[in-house]
Amino acid sequence: MPATAVKLQTVETPDPARHIREFLNGFSVEASGLDDAALLGLKTALPAGTAVYLTALPGRAPDQTVETAMRLRALGFEPVPHIAARSIADHGALDELLARLAALAQVRCVLAVAGDRDMPLGPFGSALDLIESGLLQRHGITEAGIAGYPDGHRRIGFDTLARALAAKIETADHTGLRVHIVTQFGFEAAPIVDWLRRLRDLGIEQPVRVGMAGPVSLSALLRYARHCGVRASAQGLTRNAGLVKHLIGWHAPDGLIRPLAEACAGGRLGQVAAHFYSFGGAAATSRWAAAAASGRFVLDRTDGFRVEPP
C-alpha cells in the first residue's frame, strides 16, 4: 500500500522588525517654511530622491513655493507642492504657477487639495476642479496626490468622501494622471486599517501614504489635532499603549507604525507607505524617519520601538 503524502503547510514567522523596515521604505515628509537651516537638515538626513511635500500655507506667495521647490530639486529630492484650489484667483494664475514649477523645479507630482478657505478666491473650489481643468497634465504633471480621512471629516461622511475619492480617481484616469492618496494624520492603527480595508473593498486600489506626526511635543501635537479636526486626539493618544511612554515630553509615532506595518505586511492592504508631518521640525522628523527606515531601532515589549542614536 503506497504511503500517503503529507503536505506540510508552512506558517510565516512574525518578523515585526522586517515589516517596519518594509513599511518605512520610500517614506515621504511634509514640511513648511523651509529656511536654509531646515534645508541643510534635510540634506544630511534624508535619502536622495525622497518626496518632500510643501504645505500650502495661507498667504504664502507662489514665488516662495517655486523657490523652495527649486532648492529641494537641487538637493536631489522630489518636490511635491500642495496646490490649494480655493486660494487660486483664476485659470491664468494656476497656469503660470504650474508652468514655473515644471520648468524651474521639474515638478512632476503635486498634492491637489481644496485648501482652508471657506470661500474660493476664484473658480476652483476642490481638488476635482484642479484635475478637471487639464492644466496639471498640460504642464507635464504625471501624478497627483489627493486627501484621505481615516479619522473622518468634520463635515463630510465616509460614503460622501468615498464617492469624492472615486470621482477624482476616475477623472484623473481618463486624462492619464496617476493618483495616490495622502491621509490626514492619525494616532491609532485600528481606524486606519479599517479605513484601508473599506477602500479596498470598494475597489479603490490606488497607493496610500498614511499620515502621521513626526517627533513632537505632546502639547504641540494636541494643538495640531484640534486645529485639523482629528477626533481621536487626546483620547486616542492616551489609549494607545505604545504612546503612553511619551505623555511627558515628546511623542514619536512608533506605536502607530508597528501595528500598521504588521497589518500591511505582504501587501495585504495594497501599496501603503508612511507620510510624516513635521510638526516638530523638518530636520528632526527626517532624522528620526531615516533612522527607523534604515533599521536603527530596538523593539519594545508593547507595540512600539525605540530609535537608536547614530
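The values are calculated or read from the model by the stated rules, or taken from the named source; none is laboratory data. Small disclaimer: the values here were computed from a predicted structure and weren't measured. All Cβ positions, even for glycine, are placed from backbone atoms using ideal geometry, and neighbour counts span all protein chains on display.
Numerical summary
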| quantity | calculated |
| --- | --- |
| Residue 187, sole failed condition from (1) in a helix (DSSP H, G or I); (2) buried (at least 16 other Cβ atoms within 10 Å of the Cβ) | (1) |
| Test for residue 55: is it in contact with a Gly (Cβ under 9 Å, 6 or more places away or on another chain), of a type in the set (S, T, N, Q), surrounded by 15 or more Cβ atoms within 10 Å (Cβ to Cβ) and more than 15 Å from residue 289 (Cβ to Cβ) | yes |
| Subset of the stretch 67-96 [under 26 Å from residue 119 (Cβ atoms), surrounded by 15 or more Cβ atoms within 10 Å (Cβ to Cβ), hydrophobic (A, V, I, L, M, F, W, C) and out of contact with any strand residue (DSSP E or B) (no Cβ under 8 Å at 6 or more places or on another chain)] | 88, 93 |
| Conditions (1) farther than 18 Å from residue 263 by Cβ; (2) within 19 Å of the chain's Cα centre (by Cα): number failed by residue 185 | (1) |
| Unique match (being farther than 29 Å from residue 286 by Cα, part of a helix (DSSP H, G or I) and in contact with a His (Cβ under 9 Å, 6 or more places away or on another chain)) among 171, 160 | 160 |
| Criterion: surrounded by fewer than 17 Cβ atoms within 10 Å (Cβ to Cβ), assigned to a loop (DSSP other than H, G, I, E, B), modelled with pLDDT of 95 or more and small (Gly, Ala, Ser) - qualifying residue of 140, 176 | 140 |
